[in-house]
Structure formats: C-alpha cells, structure tokens
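Colleague: Please find one structure pasted underneath; my questions will follow.
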Amino acid sequence: MTCLSRIIAAVLPFLLLAAWPPATACSGQTASAARAELAVTSDSTVPALKRAIDAVLAKELLPVTNVGIKVVSLREGDTLYEFNPRLLLVPASIQKVFTAAAALALLGPDREVATTVMVDAAGEGVYLKGCGDSMLSAADLATLAAAAARTMDRGREYTLAADLSCFDDLYRGSGWMWDDDEFLISPLSVNQNAVSVLVQPGPGPGAPATVSAEPATSYFSLENLARTATVGEPESIKTARRPGERDNLITISGVIPPGSGPLEKRASVWRPELMALYLFRDALRAQGIRVAGLATAPTPAGARVVARLARRVGELVHFGLKSSDNLTAESLLKLMGRQSTGQPGSAQAGAAEVRGYLARQGVATEGLVLADGSGVSRYNLSSAETFTQALQAVHRDRELYRIFYDSLPVAGRDGTLRNRMKGSSAQGNLRGKTGNMSGVSALTGYASSADGEPLAFAMIVENFAASGRHAREVQDRIAALLCGFRRTSR
C-alpha cells in the first residue's frame with residue numbers, strides 16, 4: 001500500500017463522520033437518506049476505528065451523558081474498543097442476557113416448565129398448578145380442560161383452585177417503580193398476564209371507537225372513552241389499568257383517525273392467576289364439567305394428574321429474548337431459585353444462582369447488582385465489560401451459544417431489532433439484545449466485521465434528556481462501524 005493510500009484509509013472514517021449530521025438533525029430526513037447513512041462502513045485499522053467511535057461519542061453524547069462501551073474480538077481475544085468499560089450503569093433490558101444464559105446453563109434447554117391439572121383423592125377438587133410458563137395462552141387452557149374432562153365425572157360438581165406454590169407471592173420485583181404495572185409476576189400466567197385490546201375507528205368523526213378484548217373472560221371489564229378523530233387529530237389511543245388499582249377496569253382513551261387500521265394495545269390485570277382460573281373454569285364448563293367455587297390453594301397429597309402441558313426452557317428463552325418479554329425473564333429467574341433451594345422460587349434466590357454462574361465463567365461480578373431478571377428495576381447495576389465477558393463465556397460453550405445466538409433479535413430482520421440498522425452493514429449480521437427505559441438505552445450482542453471476524457460488544461447510554469431514539473441512532477451508527485471494520489486497510 002502506498003503512503004498516500006494509507007493516509008486516505010486513516011482519514012476516510014473522519015471525513016464520513018464529519019458529513020454525518022447528528023441524530024437531532026436526522027429526525028426530519030427521509031427513510032432512504034437515513035438508510036444511505038447507515039450503509040457507510042469503516043475500512044480501517046484498530047486505531048482508526050477507535051478514533052471514529054470517539055468522534056461519534058464526542059459529537060453526539062459527551063460530556064453530559066454517561067456512556068460505557070466495550071468491543072472484543074472473539075477470534076483474537078483482544079479489545080478493539082472501550083470507553084468507560086467498568087463504569088456501573090443501569091442496564092435496562094439487556095439484563096435478560098444474564099438471566100437467559102444462566103437459565104440455559106443451569107436449568108438446561110430441554111428442562112420442561114409444566115402447567116398441570118390434578119384432581120384430589122376424594123375426586124371433588126380440581127387444582128390448576130402453574131410453574132412459570134410465561135407463554136401459556138387461553139387456547140392452552142382450553143386444551144388442558146378438554147384433556148382433563150375426559151377423566152372427570154360429568155355428574156359431579158367440582159371446586160377449582162389455583163396452585164401457586166412454585167413461586168413466592170411477590171408480584172413485583174425489587175426496586176420496581178410505582179407505575180411499573182405493565183405486567184405482574186405469577187407462576188400461573190396467561191396471555192403474558194395482560195389484556196389485549198383491539199381498537200378500531202367508529203362509523204364517522206366523533207363517534208365512539210370500537211373496542212374488543214382478549215382473552216374472552218368476565219375477569220376484567222372495559223371502559224371505552226376513545227373516539228374517532230376529526231380531521232387533523234393525530235392518533236393518541238391509550239389503554240391502561242390505573243397503576244396500583246385492583247378492580248381490573250381497563251380504560252381505553254384517546255382518538256383514532258377515520259380509516260385507520262386496527263390498533264392493538266395491552267394492559268395488565270391484577271392477580272393474573274385468577275384470570276387463568278376464570279378461563280380454565282369456563283373451558284371446563286364448555287366440556288360439560290360442572291364447577292362451583294374458585295380459590296387459591298396448594299394441591300393436596302395423593303392428587304392424580306389428569307392433564308399436563310409443558311414448554312422447554314429453550315423455547316421460553318427464545319421467546320423472551322426475541323420479544324424482550326419481562327415476564328419470561330422473571331419467571332426463569334424464580335425457577336432457578338426454586339431449583340436451587342427446593343422452596344418457592346424467589347428473585348433473590350434466582351439472582352444468587354445467576355451471580356454464581358457468572359463468577360464460575362470468570363465474569364467479574366464486583367459491583368454487579370442483580371435486583372431482578374428482566375431489567376425493569378433501576379437497582380440493577382452492571383458495566384459494558386461485564387456484559388462482554390458474559391458473551392465471551394457463552395461463546396465458549398458451543399451448544400449453549402448456538403441456542404442463545406439463535407434467540408437474539410437480528411438487526412433489520414426480527415424481534416426488537418426488526419426496524420433498526422436497515423440498509424447498513426449490520427443488517428442481518430448483528431444479533432443483539434436491546435434495553436430501553438426512560439433515560440437509559442443499551443445494546444449488547446454479537447456481530448461480524450467486514451472480513452468475518454466475530455465480535456462481542458456492549459453499549460450502555462444513561463442519563464440523557466433527549467429521546468431514546470437519539471441514543472439508539474448513535475448505537476446503530478457505531479454498530480455499522482463495527483460491521484464495516486477490517487483489521488488492516490486495503
């Protein structure tokens with residue numbers, strides 16, 4: 001390579017970055033222009049890559065925002081870039097990386113998480129026992145009811161109880177805020193412990209919106225305050241149960257424009273195990289089984305299993321990472337706690353198992369705070385270095401890595417990354433876990449450089465006043481630089 005070509009290779013990334021406007025200026029750009037910017041890749045040495053990322057941070061985030069970044073080569077083992085790698089920050093939903101890796105390693109991907117129907121020895125009481133299947137649906141409960149009904153006496157009236165003995169009785173995690181009511185934790189869950197509300201415009205401007213909800217049960221009620229918008233009014237539909245209230249009244253408010261397609265919104269329910277019990281009771285009645293009385297109680301000794309439905313841990317991890325499902329992460333955490341103690345699973349016992357797993361893999365856990373499994377808690381603290389070390393440990397376990405890697409969202413393709421990094425070198429290449437809450441945005445995972453070098457990375461951005469979109473755009477630009485990076489200039 002000539003001297004002139006070396007100079008061009010070193011300077012090129014900075015010329016490109018200088019022409020790249022900040023995210024606040026990009027907000028009005030067309031989608032094609034944004035994709036064209038993300039298509040820019042670095043063709044640089046390691047020092048040039050460092051200068052390029054430093055320039056992005058200096059222009060967009062520093063000095064008022066906390067940032068922690070680390071990028072390591074999984075092939076060479078060296079650090080390609082780091083900035084505040086040990087700074088303790090709130091990780092948000094990338095916390096699920098720790099939970100998922102530990103669950104796969106400690107529980108095993110083929111471990112079954114079962115929902116079981118049992119009838120007591122007297123043949124009078126039916127018990128529905130959940131043990132953390134976060135994907136359980138109303139259709140699953142109908143399947144269980146049909147299977148159970150084949151062994152039950154249609155001439156007898158049964159009592160029905162929910163067995164919640166697999167987990168402790170805490171619905172929320174440590175440090176969750178008063179309005180963190182998006183979901184509640186229960187070993188017996190259904191529909192992710194929430195109501196799915198479908199909102200459609202009415203017959204004309206000003207008319208009430210049309211609403212419907214699933215699952216179909218009398219356990220909750222709807223209050224429809226939404227209407228069809230008049231000309232010029234933007235969509236503003238909101239669906240919620242007031243945080244802390246326990247009457248399971250779901251209020252739909254705001255406006256939906258005429259001609260708009262259906263909007264799906266979600267709202268949590270209080271005591272979600274009772275919603276599962278209501279649905280199961282109705283399904284039994286549809287099978288001709290008489291049921292009177294609902295309660296929560298442990299299954300007595302001597303009860304016989306009449307129906308069982310199970311999912312594997314690997315399937316739950318895949319669902320939890322792709323969709324960033326908080327309930328799945330919390331259920332897996334408590335399941336690990338139950339396995340280790342033989343007692344009702346708790347987040348505290350599960351967190352001890354996760355910490356122990358990380359320590360045994362050589363991950364530095366000093367200063368690490370694991371308050372929950374999902375990242376909802378602001379008590380959680382970790383660093384970019386801890387996440388890259390965890391990703392390196394997963395990569396060393398080839399079987400675990402295959403399942404874990406396949407479960408991560410793919411940039412520009414699916415999961416929580418389906419709309420990010422499109423048109424860039426990261427699309428279809430980078431696989432990562434996102435994390436977002438007010439004032440926090442994070443991304444961690446795996447990527448390949450332009451010459452196929454496998455990388456592990458973590459980026460945590462905290463304490464910013466702008467929208468999370470700005471932080472995500474900065475992460476996407478850095479991701480494009482990583483995926484376009486080459487060890488040597490050409």
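The values are calculated or read from the model by the stated rules, or taken from the named source; none is laboratory data. Note that the structure is predicted; figures quoted are calculated from it, not measured. Don't worry about glycine lacking a Cβ; one is built from the backbone with ideal geometry, like all the others, and counts go over all protein chains shown.
Colleague: Quick test for you: out of Leu87, Leu62, pick the one residue that is among the aliphatic types (A, V, I, L, M) and either buried (at least 19 other Cβ atoms within 10 Å of the Cβ) or at pLDDT below 95 (or both).
Modeller: On the way: Leu87 fails: either buried (at least 19 other Cβ atoms within 10 Å of the Cβ) or at pLDDT below 95 (or both).
Testing whether each residue is among the aliphatic types (A, V, I, L, M) and either buried (at least 19 other Cβ atoms within 10 Å of the Cβ) or at pLDDT below 95 (or both) leaves just Leu62.
Colleague: Free of Cβ contacts under 8 Å to residues at least 12 places away in the same chain and not hydroxyl-bearing (Ser, Thr, Tyr) - does that describe any residue in segment 445-452?
Modeller: Filtering segment 445-452 for residues free of Cβ contacts under 8 Å to residues at least 12 places away in the same chain gives 452.
Filter once more, keeping what is not hydroxyl-bearing (Ser, Thr, Tyr): 452.
The answer is yes, given that some residue of segment 445-452 is free of Cβ contacts under 8 Å to residues at least 12 places away in the same chain and not hydroxyl-bearing (Ser, Thr, Tyr).
Colleague: So the check is Cβ under 7 Å with 6+ separation or different chains; which pairs have a first residue in segment 203-230 that's modelled with pLDDT of 95 or more and aromatic (Phe, Trp, Tyr) and a second one that's surrounded by 13 or more Cβ atoms within 10 Å (Cβ to Cβ) and in a strand (DSSP E or B)?
Modeller: Within 7 Å, the pairs are Phe220/Val195; Phe220/Ile250.
Colleague: Could I ask something else about it? Which of (1) closer than 14 Å to Pro91 by Cβ; (2) without any contact (Cβ under 8 Å) to a residue 60 or more places away in the chain is the odd one out, the single condition Val440 does not satisfy?
Modeller: Here Val440 meets the rest and fails (2).
Colleague: Looking at the structure I just gave you, is Leu332 in a helix (DSSP H, G or I) and either closer than 18 Å to Trp176 by Cβ or within 15 Å of the chain's Cα centre (by Cα) (or both)?
Modeller: yes
Colleague: Checking the structure you have, find out if any residue of segment 139-150 is assigned to a helix (DSSP H, G or I), free of Cβ contacts under 8 Å to residues at least 40 places away in the same chain and under 19 Å from Thr115 (Cα atoms).
Modeller: yes
Colleague: Something else about it: I'd like the full set of residues that are under 29 Å from the mean Cα position of the chain (by Cα), in a strand (DSSP E or B) and within 18 Å of Pro203 (Cα to Cα), limited to segment 225-260.
Modeller: Passing the criteria: Ile252, Ser253, Val255, Ile256.
Colleague: Of the residues Ala283, Ala310, Ala240, Ala267, which single one is under 30 Å from Thr416 (Cα atoms) and either among the acidic types (Asp, Glu) or surrounded by 20 or more Cβ atoms within 10 Å (Cβ to Cβ) (or both)?
Modeller: Among Ala283, Ala310, Ala240, Ala267, only Ala267 is under 30 Å from Thr416 (Cα atoms) and either among the acidic types (Asp, Glu) or surrounded by 20 or more Cβ atoms within 10 Å (Cβ to Cβ) (or both).
Colleague: If you check Val197 against the conditions, is it in contact (Cβ under 8 Å) with a residue 60 or more places away in the chain, closer than 25 Å to Gly261 by Cα and under 29 Å from the mean Cα position of the chain (by Cα)? Working first, answer last.
Modeller: Numbers: in contact (Cβ under 8 Å) with a residue 60 or more places away in the chain: yes; closer than 25 Å to Gly261 by Cα: yes; under 29 Å from the mean Cα position of the chain (by Cα): yes.
So Val197 fits the description; yes.
Colleague: Still on this model: If I ask for residues that are among the hydrophobic types (A, V, I, L, M, F, W, C), touching a Phe, Trp or Tyr at 6+ places or on another chain (Cβ under 7 Å) and not in a strand (DSSP E or B), which ones from segment 172-215 would you list?
Modeller: Leu184, Ile185, listed by residue number.
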